Amino acid sequence: MNNYKKTLLFTLLMTVFLSHQAYAIGEAISEIASDAGDIAKDIGQSVGIGKTATEIDQDSDIALNKLLKSSSAAVNLSKSAKAVLIFPKIIKAGLGIGGHHGEGVLRQNGKSTAYYNTIAGSYGLQIGAQAFGYAMFFMDDEGLNHLVNHNKGWEVGVGPSIVFVDEGIAKTLSNTTATESVYVFTFNQKGLMAGAGIQGSKISKINPDK
């Protein structure tokens, strides 16, 4: 095969390869754009910035009840916890630079005593979005006071000891084995998930409308 034919064959092969790559990229972009549209709609309808206290309470009731039905460990901790902070739905999204936002409520003896938001930023290789929630069980006054007394916001991971409960830890967790100040259950529609994604997030008190 002469050089001309080799060059022509190479060009044809590269054209086919690049056309497939372009198609795949186009499909990926379309999917991301579709997801972004859904997430934007989800943010506006389900999470929102500036939800009322009633809406936060309603969403938190649903999320906490679902967690308690799916995790015996959460049930056990709820019986002796000083308080539970529930963030029913957090939207995490990014394209290179990302972050998350959600609003929740602090419950003590079954009553809503304060409202908070959780905010985090991140930088790195990240494309897409996800929705999740989490509940923090405060087992002693030290952990609870660290949240309540931080008027400028509390950075998760700084202060009292925190355990992120996944499916493995949940199997052996009970009132007798729970020795740390704060236990965090991070969950999505599929169940318990790793909680590393909320490390470094900032929790701050808010005053939503009723």
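Bear in mind these aren't lab numbers, they're just calculated from the coordinates by the rules spelled out. Just so it is clear, the structure is predicted and the values come from calculations on it, not from any experiment.
Here the 3J(HN,Hα) profile of region 141-148, calculated from phi with Karplus coefficients 6.51, -1.76 and 1.60 at θ = phi - 60°, is 5, 4, x, 5, 5, 5, 6, 5 Hz, Gly and Pro shown as x.
Amide H to amide H, with H built 1.01 Å from N, SER201 comes under 5 Å of VAL156, counting only residues 5 or more places away or on other chains.
Taking 0.36 nm per residue of sequence separation and removing the Cα-Cα distance, the LEU68/ALA114 pair yields an extension gain of 14.4 nm. Per-residue extension of 0.36 nm, minus the Cα-Cα distance of LYS152 and ILE206, leaves a gain of 18.4 nm for this segment. For the residue pairs LYS111/LYS210; LYS69/LYS210; LYS92/LYS202; LYS51/LYS79, alpha carbon separations beyond 24 Å are given by LYS69/LYS210; LYS51/LYS79.
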